[in-house]
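> Below you will find the structure I want to go over with you.
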Amino acid sequence: MRAKLFAAGAAFIAMMLIGAVGAGTASAKGKIPFYPIEKQALKVPDGVQPWLPTWSPDGKHIIFQNQLDGSTWTTSKNGKGTTCITCGFSDRPDIIGGFTYAFPDNRRLFISHELGGLSGIDSGPGADAFILECTPSVYACRSHRYLPVDMSDDKAGVTLIVQRRTWHLAPDGVHLGWMDLRLDGTVMIVGRLTRLDDRYKVVDQRAVNPPGPASLTDTDAAGWAINNQLYELKSFADGGASIIAVGGPQNNVDALKINLASGKVTRLTRNLDWDEDGAISPDGKVYTLYSWRTRHRLDAFAWIPQLESFAEMPAFAALAPHYVSTWVGFQCDLSPWLLDSSGDHGGTLLGQPLNVYPEKNLTPGNNLSGNQFWSPDSTSVLLQERLRTRPPADSSEHVGQKGLVPNRVMIARIDRKAGKKIPIVSSDVGSWAPTPNAYVPTTGANVSVTVNGKGGGTADIAYSGNLSGGSWSVEYNHYSQDGKTFLDGPYAVTGKNSGSYWTIDADVKVTGQHTGSLKADLIVNNGAQPLPAQSGSYAAVYDGKRSPALPKLGACYDKLPQKSRLAARTKIRRRGRISVVTVTVTADVYGDRRPVQSAMVKLGGRRVRTNSRGKARLKLRGRGSRKLVVTAGDTFVKVRKKVRLKGR
């Protein structure tokens, strides 16, 4: 089995590196402008709190789960005709807080937990996922049947699987993707749904993680850094030809796009903070990313760009539960940002927040549903809201952890031209990807190897145990990727007590063209009471700049994205009795400066919207002062100023 993995790794390492490096440069498309974003709230019946809303493939319906009881509801795109699909079903699976996707035939719904059960049941009422078949349609479900989804092929020959999580239905309605949490790492899987008499079964399963080293004795550092990352499948993209995943290159939690046919990897983000869930719009033009950007919470881990991801998987296995496994942690969750589909241009762009938080009762919530949170015309995103109110003690486990949500469906409507949907293609996976049992993450490899830096020096890697208890260490010995900047010193992660107690220790020096240091003696005790607990420090310095400290667990309401101010610059030309006024509208979103398209410019009784360069031209008669008012949706502060017309 290892031979299959390593053979695939040898063939694709070069391709992976080309994709990662190439994505760090600015897109040839250039920056997209900022857009007005108007939030629209769709009221739902009392006692209904929408969870992970998704669009139907035709864009006529919105489907969601009531997080209070797990029932499935639907409403129109304008909030009319809200009905419960499953409220009267006595055989409804016990799923609260999960995914709901409509198939293209409008006669089936995919329904799953967010996190699968630890028992690994693949049939019967305890299964991880089900497909609800309705006649004549899911919107008029007069007769129905629940069939479990059997994913058991991912367990064949695998003894370390702990849990499945975060399922995504491909646009073709045939393929299904998810992530297996295993004690030897995380494995992203894509397979094909086939219907049997008593269940659906996912066949032709493939592990779609980027391939790692060619062998356990491979001395090329690249494969080891690629393999030992925390990967999770977040969405399908490009009409189903690709997936978006989260990974951890250079110890930086970032978004990657992986082509399913070839395995080519394109890095979408490089911001130093945590970038995770998200999806590219159906027209392939823009990208919604859920991120901690602007909050500088985990910048320290990516502060030194030369640090390799040789021990990234266990490090973030410690940190992720610390920050987002409790209601307290979710008070500072990821929030949605709008970017070009090529990403953040090597970390140089922040993007535009799709949701701001002037309301004191709201905290961020990420919609995990991937491409289905986009409307098919690429103009609207379904948001997941959460309340700051602490849930009652008798709440379900899901509500107790994630928190309560408002009694409404919230839509972010983006004032951009409706896009033409990229044609849907099959999400078949190419031969580069092995079966799940043939993919062996190096996190559990129990191996020691010395790898060579591309620019000189070595790194001594030693892995033992697995995520329930083990150690992962690297000793840098004048290690370099470019022959100009060098690393020396140890970096080690250890875990014990069934993966609940972790230490991260480091004393790494950076010399050469760039200088700096990393010193860490961090303890993360996710088994403590109250949960969780952290002590010690993780401090990085690079070229004289010190990284922000790791945050304490808890709310960060004062750091959530707020409205940004518009700027309106005027240029006036006189043509006889007519003043030609050109207004240029821009915005500065936390240092990301761009023109604002479709901003409404009001001047002297005239109204004109700005073009893609943020410009609007108005012709006015007379002299004297006129009031200029510029607005651009809910995420920008309007601007008011006086404009004086001169001339005869």
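The values are calculated or read from the model by the stated rules, or taken from the named source; none is laboratory data. Model, not experiment: these values are computed from the prediction. Virtual Cβ from ideal backbone geometry, glycine too; neighbours counted across all protein chains shown.
> Which one is nearest to the chain's Cα centre (by Cα) among residues in segment 69-126 that are of a type in the set (Lys, Arg) and surrounded by 15 or more Cβ atoms within 10 Å (Cβ to Cβ)?
77
> Check 379, 389 and return the single one that is β-branched (Val, Ile, Thr), in the same structural domain as residue 273 (by TED's automatic domain parsing) and in contact with a strand residue (DSSP E or B) (Cβ under 9 Å, 6 or more places away or on another chain).
The unique qualifying residue is 379.
> Answer yes or no: is there a residue in segment 454-477 that is outside any strand (DSSP E or B), modelled with pLDDT of 95 or more, in the same structural domain as residue 546 (by TED's automatic domain parsing) and within 21 Å of residue 222 (Cβ to Cβ).
yes
> Looking only at residues that are in contact with a Ser or Thr (Cβ under 8 Å, 6 or more places away or on another chain) and part of a loop (DSSP other than H, G, I, E, B) in segment 272-291, which one is nearest to residue 32 (Cα to Cα)?
Residue satisfying both the conditions and the ranking: 285.
> Now a separate question. From 251, 271, which residue is among the polar types (S, T, N, Q), at pLDDT 95 or above and crowded, with 24+ Cβ neighbours inside 10 Å?
Within the list 251, 271, the selection yields 271.
> Scan segment 392-438 for residues that are in a loop (DSSP other than H, G, I, E, B), touching a strand residue (DSSP E or B) at 6+ places or on another chain (Cβ under 8 Å) and either more than 23 Å from residue 194 (Cα to Cα) or free of Cβ contacts under 8 Å to residues at least 60 places away in the same chain (or both) and report the count.
Matching residues across segment 392-438 total 7.
> Further question: Applying the selection to segment 255-270, what residues are of a type in the set (A, V, I, L, M, F, W, C) and in contact with an Asp or Glu (Cβ under 8 Å, 6 or more places away or on another chain)?
255, 260, 261, 268
> For segment 317-370, which positions are in contact (Cβ under 8 Å) with a residue 60 or more places away in the chain, within 30 Å of residue 496 (Cα to Cα) and in a helix (DSSP H, G or I)?
If the condition is that a residue be in contact (Cβ under 8 Å) with a residue 60 or more places away in the chain, within 30 Å of residue 496 (Cα to Cα) and in a helix (DSSP H, G or I), then 317, 318, 319, 320, 321, 322, 323, 327, 328, 329, 330 are the ones that fit.
> Restricting to segment 18-46, count the residues that are at pLDDT 95 or above and small (Gly, Ala, Ser).
Qualifying residue count for the region: 1.
> Which one of 576, 604, 624 is of a type outside the set (S, T, N, Q), more than 22 Å from residue 337 (Cα to Cα) and out of contact with any strand residue (DSSP E or B) (no Cβ under 7 Å at 6 or more places or on another chain)?
When all the criteria are applied, what remains is 576.
> Could you please find all residues in segment 200-233 being under 30 Å from residue 145 (Cα atoms) and either touching a Gly at 6+ places or on another chain (Cβ under 8 Å) or modelled with pLDDT under 95 (or both)?
Once the filter is applied, which keeps residues that are under 30 Å from residue 145 (Cα atoms) and either touching a Gly at 6+ places or on another chain (Cβ under 8 Å) or modelled with pLDDT under 95 (or both), segment 200-233 yields 202, 203, 204, 205, 206, 233.
> Further question on the same structure: Just a yes or no: is a residue in segment 528-546 outside any strand (DSSP E or B), in contact with a Phe, Trp or Tyr (Cβ under 9 Å, 6 or more places away or on another chain) and not aliphatic (A, V, I, L, M)?
Checked against the condition, which is being outside any strand (DSSP E or B), in contact with a Phe, Trp or Tyr (Cβ under 9 Å, 6 or more places away or on another chain) and not aliphatic (A, V, I, L, M), segment 528-546 yields at least one hit.
> Let me ask you something else. Taking the options 491, 542, name whichever one is in contact (Cβ under 8 Å) with a residue 12 or more places away in the chain, of a type in the set (Phe, Trp, Tyr) and touching a Gly at 6+ places or on another chain (Cβ under 6 Å).
Result of the check over 491, 542: 542.
> Now for a separate question. Can you list residue pairs whose Cβ atoms sit under 7 Å apart, with the first residue in segment 58-85 being farther than 22 Å from residue 403 by Cβ and the second being outside any strand (DSSP E or B) and among the hydrophobic types (A, V, I, L, M, F, W, C)? Count only pairs 6 or more apart in sequence or on different chains.
74/85; 75/44; 82/44; 85/138
> Any idea how many residues of segment 570-611 are outside any strand (DSSP E or B), surrounded by 13 or more Cβ atoms within 10 Å (Cβ to Cβ) and either at negative phi or aliphatic (A, V, I, L, M) (or both)?
4
> Give me the residue from segment 344-386 that is touching a Lys or Arg at 6+ places or on another chain (Cβ under 7 Å) and among the β-branched types (Val, Ile, Thr) and, out of that set, modelled with the highest pLDDT.
Looking at residues that are touching a Lys or Arg at 6+ places or on another chain (Cβ under 7 Å) and among the β-branched types (Val, Ile, Thr), I get 379.
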